[in-house]
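**Student:** Mind having a look at this structure? Questions to follow.
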Amino acid sequence: LTYNQTLSASSTAPSVSCSSTHTTKTITVRMVPNDTDYKHITDAQAFKLAATLCYPKFVAYLGSTQEDQHLTAYELLFFLPTAWQRANGARWMRCDLVLFAGTAVAALPAASNSSPVLTGPLTDSIKRCLVTSDHLSTPCSRTHSYRSSAAYTVSGTLYRTHDQWVAKGKSLCP
């Protein structure tokens, strides 16, 4: 997928073989509970649903420690069926692994094809660095402005805005 395709709520892009170069990996497809109004789901509801349906599989798929996971540039993507598919009864959520590189996506390393992904020291090809004033995630092997050095547990809501996360990061890492 391209960067712009990863920003869409749904993906109709054709599958590619994991033996060829690819930018995302589907790690699970989960059924959405029947009590969810899936035909009229909001973005906030979809993110909350992804936290429940996708995030535990993402954590298990990466393996290692939570600190190591948060020090990588790997991210969780999720996709919903199209509005037409949902209107016709589709009730799944697709959960993908991606390695963002600023406003692009990097080709996934071969190690990301099987779980656990994190089996050794974090290399610059997967370690999280930040680029631009927007603090976008990128592998440290690429040009970057900031390098991750530690991960912290932050109390409070799971759904902070980007600006709130940046402010919290600046207060913890002056």
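**Student:** Output the residues belonging to the stretch 11-27 that are surrounded by fewer than 16 Cβ atoms within 10 Å (Cβ to Cβ) and of a type in the set (S, T, N, Q). Give the steps one after another, and end with the answer.
**Tutor:** Here is the first cut: in the stretch 11-27, the ones surrounded by fewer than 16 Cβ atoms within 10 Å (Cβ to Cβ) are 12-21, 26.
Thr12, Ser15, Ser17, Ser19, Ser20, Thr21, Thr26, listed by residue number.
**Student:** On to the next question. For the stretch 58-82, name all the residues that are free of Cβ contacts under 8 Å to residues at least 60 places away in the same chain and within 15 Å of Val32 (Cα to Cα).
**Tutor:** If the condition is that a residue be free of Cβ contacts under 8 Å to residues at least 60 places away in the same chain and within 15 Å of Val32 (Cα to Cα), then Phe78 is the only one that fits.
**Student:** Right, here's the next one. Going by the structure shown, is Asp37 exposed (fewer than 14 other Cβ atoms within 10 Å of the Cβ) and over 16 Å from the mean Cα position of the chain (by Cα)?
**Tutor:** Taking the combined requirement at face value, the residue satisfies it.
**Student:** Restricting the stretch 87-96 to residues that are touching a residue at least 60 places away in the same chain (Cβ under 8 Å) and open to solvent by 40 Å² or more (accessible area, probe 1.4 Å), which is farthest from the chain's Cα centre (by Cα)?
**Tutor:** The initial filter retains those residues of the stretch 87-96 that are touching a residue at least 60 places away in the same chain (Cβ under 8 Å), namely 91-96.
Still in the running and open to solvent by 40 Å² or more (accessible area, probe 1.4 Å): 91-92, 94.
Details: Arg91: 21, Trp92: 18, Arg94: 12 Å.
Across the stretch 87-96, the extreme among qualifying residues is Arg91.
**Student:** Against the conditions (1) within 18 Å of the chain's Cα centre (by Cα); (2) surrounded by fewer than 19 Cβ atoms within 10 Å (Cβ to Cβ); (3) aromatic (Phe, Trp, Tyr), where does Trp84 fall short? Just the number, please.
**Tutor:** Against the list (1) within 18 Å of the chain's Cα centre (by Cα); (2) surrounded by fewer than 19 Cβ atoms within 10 Å (Cβ to Cβ); (3) aromatic (Phe, Trp, Tyr), Trp84 comes up short only on (1).
**Student:** Just name the residue that is surrounded by the fewest Cβ atoms within 10 Å (Cβ to Cβ) out of those in the stretch 120-150 that are among the β-branched types (Val, Ile, Thr) and without any contact (Cβ under 8 Å) to a residue 60 or more places away in the chain. I'd like the intermediate steps shown before the answer.
**Tutor:** To start, the set of residues in the stretch 120-150 that are among the β-branched types (Val, Ile, Thr) comprises 123, 126, 131-132, 138, 143.
Restricting the remaining residues to those that are without any contact (Cβ under 8 Å) to a residue 60 or more places away in the chain gives 123, 126, 131-132, 143.
Numbers: Thr123: 13, Ile126: 23, Val131: 19, Thr132: 12, Thr143: 10.
The selected residue is Thr143.
**Student:** Could you tell me how many of the residues in the stretch 113-152 are within 13 Å of the chain's Cα centre (by Cα) and of a type outside the set (Val, Ile, Thr)?
**Tutor:** Adding up the residues that qualify gives 3.
The values are calculated or read from the model by the stated rules, or taken from the named source; none is laboratory data. Nothing here was measured: the structure is a model prediction, and the numbers come from that model. Reconstructed Cβ throughout: ideal geometry from the backbone, glycine too, with neighbour counts over all protein chains shown. For accessibility, only protein heavy atoms count, side chains too; no ligands or nucleic acids. Shrake-Rupley method; radii C 1.70, N 1.55, O 1.52, S 1.80 Å.
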